[in-house]
Structures are given as structure tokens and as C-alpha cells.
1. Project the alpha carbons of segment 171-222 onto their principal axes and report the range along each, largest first, in whole Å.
2. So how compact is the chain: Cα radius of gyration and Dmax in angstrom?
3. Would you mind putting 123-132, 49-58 in packing order, based on average other-beta-carbon counts within 10 Å, highest first?
4. Report the Cα centroid-to-centroid distance between segment 111-172 and segment 199-247 in angstrom, as an integer.
5. Relative to the present Cα-Cα distance, how much length would full extension add between Trp319 and Lys165 at 0.36 nm per residue of separation?
6. Once Lys and Arg get +1 and Asp and Glu get -1 on their Cβ, which of Ser18, Leu263, Thr227 lies farthest toward the positive end of the dipole of the chain?
7. Length gain on complete extension for the stretch Asp207 to Leu275, per 0.36 nm per residue less the alpha carbon to alpha carbon distance?
8. Relative contact order, percent, of the chain when contacts are C-alpha pairs under 8 Å separated by at least 6 residues?
Amino acid sequence: MKINWYLLTAGGLRGQPSPAGWPKGDPAKLGESWFDVQDASTEELRQFLTPLDLHPLQLARCLDSVDDPSVVSFGKAVLMEYPAAFEQLSADRAYLTILMKAPVLVTARHGPMPVLDELVQSLTGDNAPEVVHLPQLLFLILDQFADVSVEAQIAIRDQILRLAKSIAETPEAVGASELSRVRWQVENLVSLIEDQLYCISSLNASDNEALQDPHRKAYIQDLVSETEIAQRGVYRLESRVNDLYNDYQVAGNDRVERRLRLLTIVSAITLPLGLIAGLLGMNVGGLPGTTLGSGFAIVVAAMALIVVVEYWYLKHRGWFD
């Protein structure tokens, strides 16, 4: 188990020596602290959370191996199981367990989260933004993952745009597997943002004491609005993917129609030629031209003339358009 410990002091986040477990002393006297726990086993996480004296339901939810979006609030403590990462090529999600009980914020990672590492660097490095209380820090963590979801949404939108252009210009270069992959990515992102919105809305509606101050609650309300906008955007992506499928099917039907039309034209041209060849090929007496030395040339010329006339007629009627 790895624990990163940060203190909120003088409006900033300050890294502390990584403890092997819970720092000595009363949690209430540590000052506003953020403990970021990584690679913890169930028993290690249980021992680490014991000093916080959590409600049994919250503790059981923290230790549960099943990852489902949820918010559990009792008194001063609020627990959130938050779907934190979007991976375009995988349906598996990395969940972040977030526990806030003033003056402590605990995050337990379930999976790799480089985005959270980037946030830590931005909050502890030079020119770091001011962070004055835990609800603001909680907002920054959730907002960081919301930004990742929006970036994924933009990337998929650009991918849909490229596919739409390919279908319009060279439809044969686009395969059904590409469209299926994009549709799956959109559905995966829709599910992720819906779960994130559920968690954030539940957090906004919780009765946690630390979130009741209007100024602090405004952070969470702003995040709800941002996630709702992202949800509407990803729903529009669903509509655009459906339109893309329709365009692909229309282009495919057009290709099939052109091929069938070509086969029909070829059949229409060769049908009278086959009829003539069949008649002249009968092994019976009285066939015209059998005694003429130029009979074969006359028949070939007549057949060529028929082809030319049929081609002119079909082209004039727009069959080749």
C-alpha cells in the first residue's frame, strides 16, 4: 500500500512525508488533510480507515470489491464511488473511492489514474491555484475527471467527422467495423457520464455538514451543471453516430444499386445476342445465310449493330447516370 499525504495550509496543498499507515494523533487535530491511497488490499484499507470511525455501511462499501457508482452520506462523513476514467478501447473503468469526513479527505484508487497524478502536480507545483478547504479540493478532483470525459467526447466527435467525410468522398474505404467501434465508444462514454452525473447529483443532494455552506455547495452545483452539459453533448454524439450509420447504409445501397443496374444493362444487351446465336445454332435445315460465304460476317455485323443501338437507347434513357 502506498499513501500520499497532503496538508491544506496557507491556501495551498503541501506534500508531507508518506506515512506507512495513519499518522499518529487524533484525526481531528491533523488539520485539513488529503490522503491518496494506492494499491491497498482490503485489509490494509480497513486498518487505515479504522481511526475515522465510519458508519458500518460506509466502511463496508469502501471495502466492497464491486465497483458501482454510489454516494453514501451519514452525519459528517460522505462516501462516493466515482467512475473516474474513460478508456476508448476498454469497457473496464477505474473507480475512485472518495471519503470526506472533516477535516480529512481520503481517496482510494482502484486502477491506474495518471490524470489524478497530473492534478497533484498542478496543485503542489509552482503557480498552483489557491485551495482553501476540502470541498474545493473535492471539486477539483471531480472536475479533473469531468474534463477527461469532455476531452474524450471531443476526440470521438472529431472521429465521427472524419468518418462522415470519408463516407461522402470514398464510401468504399469505410468499413462496418469502424462504425461499430465508434458506436461502442459513444455508448461507453454515455454510460460513464451518466454514472458521473448520478454521483455528483447525489453528492449535491447529500446532507453532509461540510457541503451545506452556500459558498462551498456552489462548487458542487457548478460541477452538476458542467456534467449535465457534457451529458447533452454525448447524447448528440449518439444521434450523429446514428446518422452516420444511415449515411453508410445509403452509400452501401447506392453501390449495390449501381452494380445491379450494370448487370441489368449487360443482361439486356446480351439477351438478343444470345437469342440470335441460339436460333442460328440450331442443327436444322433452311437456316438463312448458310450458303453465303459472307453469312458469318453479316450476322456479326448485325449483332454489333444491335449492341450499338441498345447502348445508345439505354444511355439516352439515363440508365448510365
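Rule-based calculations on the coordinates, nothing more; no lab input. Just so you know, these numbers come straight off a predicted model, no measurement behind them. Cβ: placed from backbone, ideal geometry, glycine included. Neighbour counts: every protein chain shown.
1. 59, 15, 10
2. 35.2, 122
3. On the way: 123-132: 12.1, 49-58: 15.2.
Averaged packing, sorted descending, gives the order 49-58, 123-132.
4. 15 Å
5. On the way: separation 154, 0.36 × 154 = 55.44 nm, distance 2.78 nm.
Contour length minus Cα-Cα distance gives 52.7 nm.
6. Among Ser18, Leu263, Thr227, the one farthest towards the positive end of the dipole of the chain is Leu263.
7. Details: separation 68, 0.36 × 68 = 24.48 nm, distance 8.88 nm.
Gain on extension, Asp207 to Leu275, equals 15.6 nm.
8. Values: 375 pairs, mean separation 48.3, N = 321.
It rounds to 15 percent for the chain.
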